[in-house]
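Here the structure is laid out as structure tokens; the discussion comes afterwards.
The values are calculated or read from the model by the stated rules, or taken from the named source; none is laboratory data. Please read all numbers here as calculations on a predicted model, not as lab measurements. Note that each Cβ is placed from the backbone with ideal geometry, even for glycine, and that neighbours are counted across all protein chains shown.
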Ligand code: G16
């Protein structure tokens, strides 16, 4: 215990009107947090004030970061403000490091009231990059809209915040640090925990580690290449895949978390994980994976760079869940996917006679389904997959699931994917992202497009492109009614569904930091065994042409093409 009680002070502040959390927390340019007076403090006070005082007093919260620039400063402020706001205990990752799945895991394990994660996910970091603050609630998942709306509302009228400016902690010292405060609250405790331990124990209870170890070691060992992208996953990859599961140390690259991710986008995609793609093309490795900055997203590659589309990945995981001890014990309840995610998962759900839920984009929408026991597995096209073991998507869980499937089926990544297509058909899929578009141009484009496609005349339209003819079957602006609490979420993306099951979807991203990001998703289902091996862009070309034409996206945004194609 510190000798003198630490003072608690109240600081006057001026509210900001732009602190509305997006799909996954508040994401802004780092310089906004760094240079706007009390910007960070205001948001943290809004988060803390959103928790009812009776629940807040003496409660436990978890804090972690993906190690990006400004995280240490932010953690120091969070600790000082948590103490001043009556939080009893903060559990923080060693040196501030905790992956997003690990935070979710710890919140659930220690029954914390929630947690704060400092990350802007796959966005670049550093003084010129992005920073973000996510707030997760007691189920371990992202705060639902009711909570983020409350945070936003508080932030708009905030006039003061409470802080203990003299309180200092040592993030590098594992164990407890206790502080006596000069206020009515009980002593305040900070506990620095190993970043990996609790999460590793959970994974041990889910997977057959000896089966995975058998695959990664021994005479006909599977050679793997894992790219932690200089993000939070380095320590997890080294400890779990190398130390525990026997992968050679040189299987793992970019494993030291760097404040600026080495100047790269920590984004596990074909575009930004290009060096992994190159390494895999060499043919030496039979399995490759990359993670994003905070470790919830993942990408899987097979030998020679064979790409597993994330929507296919979740469908294939679903079809093979019985390989995993956790699901052998728990059984398989429903599946869920976000609306733009391909319908490959629906085919598996049908074959397994399991309910399929289609939610808006945002992991938070899976929370109620999992908490109510309706859903065992969820996935998204944006490189996310996870199960009800926690309430976040979980990149390393997805990797261990793939390795478990490979160990059980004794097949390569490509063979597993091709067998899946042969059995249930292939959903050709791609996404076009137009990033940093003028906000107004994006808004008006979406508004006008919504009016066009929901007009009655549109639903009887046929589009002929080359030899293909697409007849519109249904159009809407996607709306979701949560089956658990009945809440309705509107305006979640414009959908055009054609009679052959093909889909075109338009939506505005809710995670961008600058301007607007328009996403166009195209999907086409193929059952013919002769046509399962075509080039994705060639198959989807006609649908993309229709999408560009009806939206007039290039004319209206001044762009000549998308920023990124996935
Ligand atoms: C977040 C959400 C995901 C969502 C993704 C992309 O992920 O948790 O559910 O799919 O953003 O959202 P949008 O299309 O609106 O940009 P992350 O990994 O960025 O936290």
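Checking every residue in region 115-132 against the condition of being in contact with a strand residue (DSSP E or B) (Cβ under 6 Å, 6 or more places away or on another chain) and more than 15 Å from the ligand (Cβ to nearest atom) gives zero matches.
Residues checked against (1) touching a strand residue (DSSP E or B) at 6+ places or on another chain (Cβ under 6 Å); (2) at positive phi; (3) surrounded by 21 or more Cβ atoms within 10 Å (Cβ to Cβ):
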| position | (1), (2), (3) |
| --- | --- |
| 175 | no, yes, no |
| 180 | no, no, no |
| 183 | no, no, no |
| 204 | no, no, no |
| 208 | no, no, no |
| 237 | yes, no, yes |
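If I ask for residues that are under 21 Å from the mean Cα position of the chain (by Cα) and part of a loop (DSSP other than H, G, I, E, B), which ones from region 35-69 would you list? 66, 67, 68, 69 - these are the residues of region 35-69 that are under 21 Å from the mean Cα position of the chain (by Cα) and part of a loop (DSSP other than H, G, I, E, B).
Evaluated against (1) within 23 Å of residue 211 (Cβ to Cβ); (2) touching a residue at least 60 places away in the same chain (Cβ under 8 Å); (3) surrounded by fewer than 22 Cβ atoms within 10 Å (Cβ to Cβ), residue 388 falls short on exactly one condition, (2). Number of residues in region 491-502 that are more than 16 Å from the ligand (Cβ to nearest atom) and under 16 Å from residue 479 (Cβ atoms) equals 2.
Would you point out the residue of region 315-355, among those that are within 16 Å of the ligand (Cβ to nearest atom) and touching a residue at least 40 places away in the same chain (Cβ under 8 Å), that is surrounded by the fewest Cβ atoms within 10 Å (Cβ to Cβ)? Once the filter is applied, the top-ranked residue is 339. When region 356-374 is filtered for residues that are away from the ligand (no atom under 16 Å from the Cβ) and touching a strand residue (DSSP E or B) at 6+ places or on another chain (Cβ under 6 Å), the ones remaining, listed by number, are 356, 374. Against the conditions (1) outside any helix (DSSP H, G or I); (2) more than 30 Å from residue 16 (Cα to Cα); (3) touching a helix residue (DSSP H, G or I) at 6+ places or on another chain (Cβ under 8 Å), residue 161 satisfies every one except (2). Just to be sure, is residue 438 more than 16 Å from the ligand (Cβ to nearest atom) and farther than 24 Å from residue 327 by Cα? Criteria met by residue 438.
Scanning region 472-517 for residues that are farther than 18 Å from residue 341 by Cα, free of Cβ contacts under 8 Å to residues at least 40 places away in the same chain and surrounded by 13 or more Cβ atoms within 10 Å (Cβ to Cβ) turns up 472, 473.
Criterion applied to 32, 9, 91 was being buried (at least 23 other Cβ atoms within 10 Å of the Cβ) and either in contact with a helix residue (DSSP H, G or I) (Cβ under 9 Å, 6 or more places away or on another chain) or touching a residue at least 60 places away in the same chain (Cβ under 8 Å) (or both), and the one residue passing it is 91.
A quick yes/no check of all residues on (1) modelled with pLDDT of 95 or more; (2) away from the ligand (no atom under 16 Å from the Cβ); (3) in contact with a helix residue (DSSP H, G or I) (Cβ under 6 Å, 6 or more places away or on another chain):
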| residue | (1), (2), (3) |
| --- | --- |
| 13 | yes, yes, yes |
| 21 | no, no, yes |
| 39 | yes, yes, yes |
| 51 | yes, yes, no |
| 56 | no, yes, no |
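Among the numbered conditions (1) modelled with pLDDT of 95 or more; (2) farther than 30 Å from residue 10 by Cβ, the only one that residue 103 does not meet is (2).
Would you point out the residue of region 504-522, among those that are more than 12 Å from the ligand (Cβ to nearest atom) and touching a helix residue (DSSP H, G or I) at 6+ places or on another chain (Cβ under 8 Å), that is modelled with the lowest pLDDT? Per the stated criteria, the residue is 515. Take residue 78 and decide whether it is in contact with a helix residue (DSSP H, G or I) (Cβ under 8 Å, 6 or more places away or on another chain), over 14 Å from residue 25 (Cα atoms), more than 15 Å from the ligand (Cβ to nearest atom) and in a helix (DSSP H, G or I). Here the answer is yes, as residue 78 does meet what is asked.
Given the condition within 16 Å of the ligand (Cβ to nearest atom), on the phi < 0 side of the Ramachandran plot and crowded, with 24+ Cβ neighbours inside 10 Å, answer yes or no: does some residue in region 409-428 qualify? There is no residue in region 409-428 that is within 16 Å of the ligand (Cβ to nearest atom), on the phi < 0 side of the Ramachandran plot and crowded, with 24+ Cβ neighbours inside 10 Å.
Note on region 523-533: residues that are touching a strand residue (DSSP E or B) at 6+ places or on another chain (Cβ under 9 Å), away from the ligand (no atom under 16 Å from the Cβ) and outside any loop (DSSP other than H, G, I, E, B) amount to 4. Scanning region 239-250 for residues that are over 18 Å from residue 296 (Cβ atoms) and surrounded by 20 or more Cβ atoms within 10 Å (Cβ to Cβ) yields a total of 2. Can you confirm whether residue 171 is crowded, with 17+ Cβ neighbours inside 10 Å, in contact (Cβ under 8 Å) with a residue 24 or more places away in the chain and within 30 Å of residue 409 (Cα to Cα)? Considered against the rule, which asks whether it is crowded, with 17+ Cβ neighbours inside 10 Å, in contact (Cβ under 8 Å) with a residue 24 or more places away in the chain and within 30 Å of residue 409 (Cα to Cα), residue 171 comes out as no. Of all the listed residues (443, 463, 458), the sole one being away from the ligand (no atom under 16 Å from the Cβ), touching a strand residue (DSSP E or B) at 6+ places or on another chain (Cβ under 8 Å) and part of a helix (DSSP H, G or I) is 458.
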